[in-house]
Structure formats: C-alpha cells, structure tokens
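Only one structure is covered here, and it is reproduced in the block below.
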Amino acid sequence: MKGRLCTVVGGGSVAERKIRSLMDTDARIKVIAPRWTPAITKWIDEGLVLGESRVYRDGDLKGSFIVYASTDVPSVNEQVCLEAEQEGMMFNRSDQADTGDWVDPAVVRRGQLAITVSTGGASPGMAKAIQCELQQEYGPEFEEALDWLAGLRVTLKETLADPRDRQRILKELWTEDTIDQIRNGELHKLKQKIAVALEPGGK
C-alpha cells in the first residue's frame, strides 16, 4: 500500500474509519465528498489527505490502486464500484460488503501490535463489539512493552553472539504470567528479569 493512491468516495463517519486505517499504511489518500467530518477536514488541512470537495464524477478513480465506496447514497456507491470494476481496481463497498473485493476487519492497534477481527461481513456489529472488548484487554501498556521488546532484541544481538543464548533468554521471558504483568503495568519486573539474565553467570 505504501505510496499507492487509494480513493475514498464519501466524507462521513464510515469514510473517516476507512481513511484512518489507510493512514497506517503510508498510502496516498484522496477523498471525494461534498462534506467531510471534522477529523477528515483536519487531515486535509494538515496535508495528510488530498480532499476534493464535490460530488463524485465518472473518471475520479483514475490512477487508484484501491477504492472505497463509502457514501450514504446507494446509487453513488453503485456508480463508484462499476467504474472501479471496469478499470480493474479492487473496491470495497460499505453498504453492501458482500459485493466488494474484500471486507475490512475491525482493528485494534497498539503501536506495533495489530489485532484484527472479522466476521466476513456477516455481522459488523459483532466485530465492533469484540473490537471494543479487545481495546480494554490490550491497552496502551502493550505499545510500551513492544517498543521495549524490539529494543531488547537489538541489545541481545549486540551482546550475545550465540543465537542459542538469545533464544534461551527470550524463551524464559515468556511465561503464563507475562501478558498479565504487561497488562498490570509491571513491565519493570520483566526488565529486571532480563537484567539478571544478562549478568555474568546469570541464568
């Protein structure tokens, strides 16, 4: 997706969710709609999204890699999808998920952690409910933990020449309590455990 043009037709809350997910991919994003949500307007003002404030016209999809038909007018969505299909572009239709090329999953992001939930379009409401549960279960503390773990892998490569030693320490880090420790804000205990293991003679 990086650097590819993705066109979103529509400026409401659904289009906002599509754009938000695209922003995590470093795609080039264009949105076409007479009106936008405050969030979309902000992204356009910041130069993160290219906005065209008008109704969709045939030919607007030129050069697009993927297309989202996300208006609240079925006939417009139908027109967008028809053009995308004729031009050989992949498309997603928000009001009729089963007619598009893919169904967007609900996503929980915590830094480098991404958890996706999909019902295959059968029940977006259920996917949303499960997403909300996961947001509670996996809070911002997991982003901090993953940042530390990424740095730890670099440190281990620099300090331990034998891959078996690195694998041993990483394996010892993960127990049935590790996730609970992260969730409970006890990352310092994991850091202490690694510090002890890295000491001369440490296990």
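Annotations for the structure displayed:
- R0 of 30 Å, Cβ-Cβ distance Glu172-Glu137: FRET efficiency to nearest 0.05: 0.75
- Derived scalar couplings ³J(HN,Hα) [the range 29-46; Karplus, 6.51 cos²θ - 1.76 cosθ + 1.60; whole Hz; x for Gly, Pro]: 10, 10, 10, 10, 5, x, 9, 10, 6, x, 5, 5, 4, 4, 5, 5, 4, 7
- Cβ-defined net charge surrounding Lys62, 13 Å radius [Lys, Arg +1; Asp, Glu -1]: -3
- DSSP-defined antiparallel bridges as percent of all bridges, the chain, nearest 5: 25
- Accessible area of Thr116 (1.4 Å probe, protein heavy atoms only, ligands and nucleic acids ignored): about 90 Å².
- Using the Cβ of Trp36 as centre and a radius below 11 Å, the other residues enclosed give a net charge of -1, where K and R count +1 and D and E count -1.
- If a spin label sat at a point 7 angstrom from the Cα of Ala122 along the line to its beta carbon, no backbone N atom of the range 93-110 would be nearer than 14 Å.
- From largest to smallest, the equivalent ellipsoid semi-axes obtained for the range 122-203 from the alpha-carbon gyration tensor read 32, 13, 11 Å.
- Relative contact order (%) - the range 107-148, alpha-carbon pairs under 8 angstrom, separation at least six: 50
- Partner lysines for Lys42 [C-alpha distance under 24 Å; skip if fewer than 8 residues away on the same chain]: Lys2, Lys18, Lys30
- Taken about its Cα centre, the chain carries a charge dipole of roughly 500 debye when the Cβ of each Lys and Arg holds +1 and the Cβ of each Asp and Glu holds -1.
- Taking every C-alpha pair closer than 8 Å and separated by at least 6 residues, the mean separation divided by the residue count of the chain gives a relative contact order of 13 percent.
- Accessible area per residue in Å² at 1.4 Å probe, computed on the range 68-160: 59
- Sequence of Leu82, Leu152 from largest to smallest accessible area, 1.4 Å probe: Leu82, Leu152
- Annotation: average projected area of the range 1-153 is 10.0 square nanometres, based on the convex hull of Cα atoms across all directions.
- Residues whose amide H comes within less than 5 Å of that of Ile29, counting only those at least five positions distant or on another chain, are Cys6, Leu50 (H built at 1.01 Å from N in the peptide plane).
- Per-residue Karplus couplings for the range 150-158, computed as 6.51 cos²θ - 1.76 cosθ + 1.60 with θ equal to phi - 60°, are listed in order as 5, x, 4, 4, 5, 4, 5, 5, 7 Hz, Gly and Pro entered as x.
The values are calculated or read from the model by the stated rules, or taken from the named source; none is laboratory data. No experiment lies behind these values; they were computed from the predicted model shown. In this analysis, Cβ positions are derived from the backbone assuming ideal geometry, glycine residues included, and neighbour counts consider all displayed protein chains. These area figures cover heavy atoms from the full protein model, side chains too; ligands, DNA and RNA do not enter into them. Shrake-Rupley method; radii C 1.70, N 1.55, O 1.52, S 1.80 Å.
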